[in-house]
Amino acid sequence: MSTGPQPLDPGIRRRIADSFLPDRWLYWYARSKLGSDPLYGGVAEALRDTRAPLLDIGCGIGLLVHALRACGVDLEYTGVDNDGGKVEQGRLAIARTQLPHARLMAVDATAGLPHHRGSVTLLDVLQFLPPEAQSPLLADVAARVSQEGRLVIRTGLADGNWRSHVTRGVDVLSRWLRWMNAGPTRYPGRDALAAELSSHGLTATFTPLWGRTPFNNWLVVASRQSSGSGTTVR
């Protein structure tokens, strides 16, 4: 049984993949990723009811902005990543499709983030940071989430099940294949992550996001509340 949003339909993912031509490797990577990973539909639903500008930390080649626009979520978008090669590839794809109000920047998030106020996405990033860098980044990110914005995190959780072991193994393989420029260090625990977000005034909802994959991925959506606080697990 699948859990959470489903991958994008074939027509949408083919159109997005076309943006990365003539690079055939990126074309097939984008098409495969969009067709197997429920992440993009999940983030689109999380951001659908806000017009706040979006800062996407760890944007890679910028697939998220293409997917959001295809899903009808048209937000001002800034993507940052510490891999300059991926950023340049993403810039070329944005230029080819002439996406408005979208830019990518080569930035090391652990050294400081650009000025921003609105929504923030932190997708498959936390587990690749040294443990001592995770809390400072979360504090920096939370400070940029506005009242109408959302903080959307996708991460594996340290709960010891079989999916956790598969997730770590694939993250290690991604580093070995040099697609990621860092290997996994520490996956956050659910209670600890919820408490940390709460300390920054954010209430979080945790939703399983493994879809048809074997990975222990969770979508964490946090927002500021005018009253009350807490954590919901679905």
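Of everything in segment 99-132 that is more than 14 Å from the chain's Cα centre (by Cα) and of a type in the set (D, E, K, R), the residue that is nearest to THR78 (Cα to Cα) is ARG103.
Of everything in segment 193-220 that is touching a Leu at 6+ places or on another chain (Cβ under 8 Å) and of a type in the set (Ser, Thr, Tyr), the residue that is modelled with the lowest pLDDT is THR207. GLN89 passes every criterion in (1) part of a helix (DSSP H, G or I); (2) without any contact (Cβ under 8 Å) to a residue 40 or more places away in the chain; (3) more than 16 Å from the chain's Cα centre (by Cα) apart from (2).
Per the conditions (1) surrounded by fewer than 21 Cβ atoms within 10 Å (Cβ to Cβ); (2) under 14 Å from the mean Cα position of the chain (by Cα); (3) not polar (S, T, N, Q), the sole criterion not satisfied by ASP81 is (1). Looking across segment 96-111, the residues that are farther than 15 Å from LEU64 by Cα and of a type in the set (A, V, I, L, M, F, W, C) come down to ALA106, VAL107, ALA109, ALA111.
On inspection, SER223 passes the criterion of being surrounded by 15 or more Cβ atoms within 10 Å (Cβ to Cβ), at pLDDT 95 or above and of a type in the set (S, T, N, Q). Inside segment 12-49, residues that are out of contact with any Lys or Arg (no Cβ under 6 Å at 6 or more places or on another chain), open to solvent by less than 20 Å² (accessible area, probe 1.4 Å) and over 16 Å from ARG154 (Cβ atoms) make up a count of 5.
For segment 110-145, the set of residues classified as under 24 Å from GLY90 (Cα atoms), open to solvent by 20 Å² or more (accessible area, probe 1.4 Å) and assigned to a helix (DSSP H, G or I) consists of THR110, ALA111, PHE128, listed by residue number. HIS66 meets each of the listed conditions (1) in contact (Cβ under 8 Å) with a residue 60 or more places away in the chain; (2) of a type outside the set (Val, Ile, Thr); (3) crowded, with 23+ Cβ neighbours inside 10 Å apart from (1).
Of the residues in segment 140-154, none is at pLDDT below 95 and of a type in the set (A, V, I, L, M, F, W, C). Filtered by the rule that a residue be in contact (Cβ under 8 Å) with a residue 40 or more places away in the chain, in a loop (DSSP other than H, G, I, E, B) and under 17 Å from the mean Cα position of the chain (by Cα), segment 51-63 gives ALA52, PRO53, GLY58, CYS59, ILE61, GLY62.
Scanning segment 72-86 for residues that are closer than 16 Å to PRO100 by Cβ and either in contact with a helix residue (DSSP H, G or I) (Cβ under 9 Å, 6 or more places away or on another chain) or free of Cβ contacts under 8 Å to residues at least 24 places away in the same chain (or both) yields GLY72, VAL73, ASP74, LEU75, TYR77, GLY79. Just one of (1) open to solvent by 20 Å² or more (accessible area, probe 1.4 Å); (2) at pLDDT below 65; (3) touching a Gly at 6+ places or on another chain (Cβ under 7 Å) fails for ALA158. It is (2).
The values are calculated or read from the model by the stated rules, or taken from the named source; none is laboratory data. Bear in mind the structure is a predicted one, so any value in this text is a computation, not a measurement. As a convention, Cβ positions derive from the backbone with ideal geometry for all residues, glycine included, and neighbour counts pool all protein chains shown. Ligands, DNA and RNA are excluded from the accessible area calculation, which covers all protein heavy atoms including side chains. Shrake-Rupley method; radii C 1.70, N 1.55, O 1.52, S 1.80 Å.
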